[in-house]
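Here is the structure we will look at, set down as structure tokens.
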Amino acid sequence: MLEGLISLASYNYYGGEIGNILSQAEQMGVFSYLLPFLLIFAIVNGILSITGLFDSNKSISPIISLTVSLMALQFEFVPRFFAEIFPRLGVGLAIILVLILIMGLFSPGKEAWFGYIIFGVGTIILITILVQTAGALGWSAGFWWYDNWARVAFWVGFGVIILAILNINKSSSSAETIFSNFLKNAMEPIK
């Protein structure tokens, strides 16, 4: 009886049918070509639609989006880049989610410091993702960051401390208003 339980546990551990479906999708090129194509097409088409460059002839935007998407996938660079950056992005988003959940236990989220901490951690995670992706793709900037990250972190921290000292006399309500206005303006195109 114990042998039957062990085989069931090992079957579920390896993913079962969902793992097989994802493996087949990977072999068919869904993750390397189809999803990057759709992402690039949607972004380019969205940008062209928002800017309104071709409002007089609405069929030009999808044609340009299709062309840019297909040309981006012409060489192996874009699939490699997406394969490097999106797993790191998933880990970064998970870290931010855990931080928000833990901080939500201690604060309702309406204070300015809550937003600043989330923004600061998100910025650090973004820089880390970009540097690690650059290093994995062999870009020289990635290796420069690996060698000089401590010096850059020192100067950024020093700058943050100086800004905090200069802004110590300002009220917290103005800081909250500045941050909430920043988030409101950043999210405006999404709505």
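The values are calculated or read from the model by the stated rules, or taken from the named source; none is laboratory data. A quick note: this is a predicted structure, and the numbers were derived from the prediction, not measured. We place every Cβ from the backbone using ideal geometry, glycine too, and count neighbours over all the protein chains shown.
Checked across the range 69-80, the condition of being farther than 30 Å from G135 by Cβ and either β-branched (V, I, T) or exposed (fewer than 12 other Cβ atoms within 10 Å of the Cβ) (or both) holds for no residue.
Do the conditions hold for I40, that is, is it closer than 30 Å to A136 by Cβ, in a helix (DSSP H, G or I) and of a type outside the set (S, T, Y)? Spelling it out, I40 is indeed closer than 30 Å to A136 by Cβ, in a helix (DSSP H, G or I) and of a type outside the set (S, T, Y).
Where helices (runs of 4 or more DSSP H) fall entirely within the range 46-161, those with at least 2 residues that are of a type in the set (S, T, N, Q) and more than 30 Å from Q27 (Cβ to Cβ) are at 112-136.
All of (1) hydrophobic (A, V, I, L, M, F, W, C); (2) in the same structural domain as L38 (by TED's automatic domain parsing); (3) surrounded by 16 or more Cβ atoms within 10 Å (Cβ to Cβ); (4) without any contact (Cβ under 8 Å) to a residue 12 or more places away in the chain hold for F114 with one exception: (2).
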